[in-house]
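Peer 1: I am attaching a structure below and will ask some questions about it afterwards.
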Amino acid sequence: MFFTYLRRELRRRRKAALVVASGLALGIALVIIVSSVSSGMSKAQDKVLESLYGLGTDMTVTKAAAAPGSGSQRPRFEFDAKDNDDDANQSSDRVMVQGFQTLAATTVDKVGKQSGVSDAVGGLSLTVLKVDGQFKRGEFKQNGNSGFGGRGGGTQPQGEVRGGGASFDVNSYTVYGTDVTKQDLGPLTSSKITAGRAFKTTETDAKVAVVDAAYAKEKKLSVGKTVTISGTKYEIVGVSTADSGDAAANLYIPLKQAQTLADSKDKVTTVYVKAADSQQIDSVKSAIQKNISGTTVTTSADLADTVSGSLSTASDLASSVGKWLSIAVLIAAFLVAGLLTSSAVSRRVREFGTLKALGWKSGRVTRQVVGEALVNGLIGGVLGIAVGLAGAYAVTAVSPTLTAQLGGSGGGGGGMGGGMGGPLRQAASKSLDIALTAPVSLSTILIAVALAVAGGLIAGAFGGWRASRLRPADALRRVE
């Protein structure tokens, strides 16, 4: 009897049911779209962070920023004098630690022993400045209209030196020294080996290198060729392609080799840390700062705060305006559904009064009204999920490109940019283009179903309360 009456009433009041369902569908669809876009924003920001630190890195430890003006170095280049060959090419490399800030390699072990740390690995980030060119001696040109002469009757030739000078090119590239025994943590994990192979764990001090794909294309490098860094040749054993399109370094070599090139034995610039539990990141950060002095600890959340550009703006809009808008629309949809259901009950006064006169209890009438509203809510949920999935699919299909500007300035001052060494200093002036997607998770669908049920129950509560207060005698006297 319940379902028969329910089906008959819904069929008889199709327009009212459709209005209620459409209002709920709009609110639910907006919640799905905003949630999926917010999830896409989070994944986009994760890609940005992985481009700096690599997959699985929860925080980094670097040396605390030095006072402005202290510890700075000027690169110096020295060239051999070649009297016999004026046009000989001159070339000089200068290998510098990025930021000129290093930690003792023993810091890696200290960090690894802290409570809540799952793993820690050190790396050395270098910048290589290469100056290449030649000097050219000028030629003396004697004046054609004057021979020898000068003040006081001297015998100096009259003329001038013409031509000569110098022409030099200055190029720079980045080199990252990686611990080949722990390749599952650090910047290299954000890249995939697309040619050749990765480092072997036995190549701790081997003259081998992995080159970034973009840099390899620019310099026409490939597996099997060699690259020279400050006079030392390294065989290219692999080519890596960054997942986000922007690698942390142009070249990767074993950590010991990087320390040798930079004359920084047993030194690292960055310690990459993986926490045992993502919920304990803040406590691990506090423990490291407390127990290891002279260091700066930066978490993924700290780094996310330095991301600016259209990605940051869109993320802020999605997390603030979008969420509040969806909540407001959803509340409005619930209220409208409740008012419409209550209004429908008012128009059915004679009907419910007759049912009560025939023996229906108030609870049965209330259940009937709640059942109708619940079905309307479920219909609205199905429509809302369909519209929400279509909207999320449209966002993913269009894939709008957002720009992420990483960090601030790479100055030596305090704060995020100055306190960080390694890849962050390199990437601080770079922009990454990220394609936005809107993935819909199962939890989002379940939330939508729950909202549909809640909307139906709220609307049914409005109507059921109104119906339960009807008295048969009063209802039968009213004509509407």
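All of the numbers you see were taken from the coordinates with simple rules; none came from a lab. All of these numbers come straight from a predicted model, not from anything done at the bench. Every residue, glycine as well, gets a Cβ built from its backbone with ideal geometry; the counts of neighbours run over all protein chains shown.
Peer 1: Could you work out how far the C-alpha centroid of region 168-220 sits from that of region 111-131, in angstrom?
Peer 2: Centre-to-centre (Cα) distance: 15 Å.
Peer 1: Follow-up question, since we're still on this one. Going 7 Å from the Cα of D266 along its beta-carbon direction, which residues of region 106-125 have the amide nitrogen within less than 14 Å of the resulting point?
Peer 2: Answer for region 106-125: 106-110.
Peer 1: In addition: Quick one: which of K63/K267; K225/K265; K43/K182 span more than 19 angstrom between C-alpha atoms?
Peer 2: Going by Cα-Cα distance, K225/K265; K43/K182 fall outside the 19 Å limit.
Peer 1: Alpha carbon centre of region 254-276 versus region 373-399: separation in Å?
Peer 2: Computed from Cα coordinates, the inter-centre distance equals 51 Å.
Peer 1: 7 Å from Cα along Cα→Cβ at both K219 and A104: what's the point-to-point distance in nm?
Peer 2: Roughly 3.4 nm, to one decimal.
Peer 1: Beta carbons within 10 angstrom, averaged per residue: use that to sort the peptides 184-193, 388-397, highest first.
Peer 2: Result, highest mean Cβ count within 10 Å first: 184-193, 388-397.
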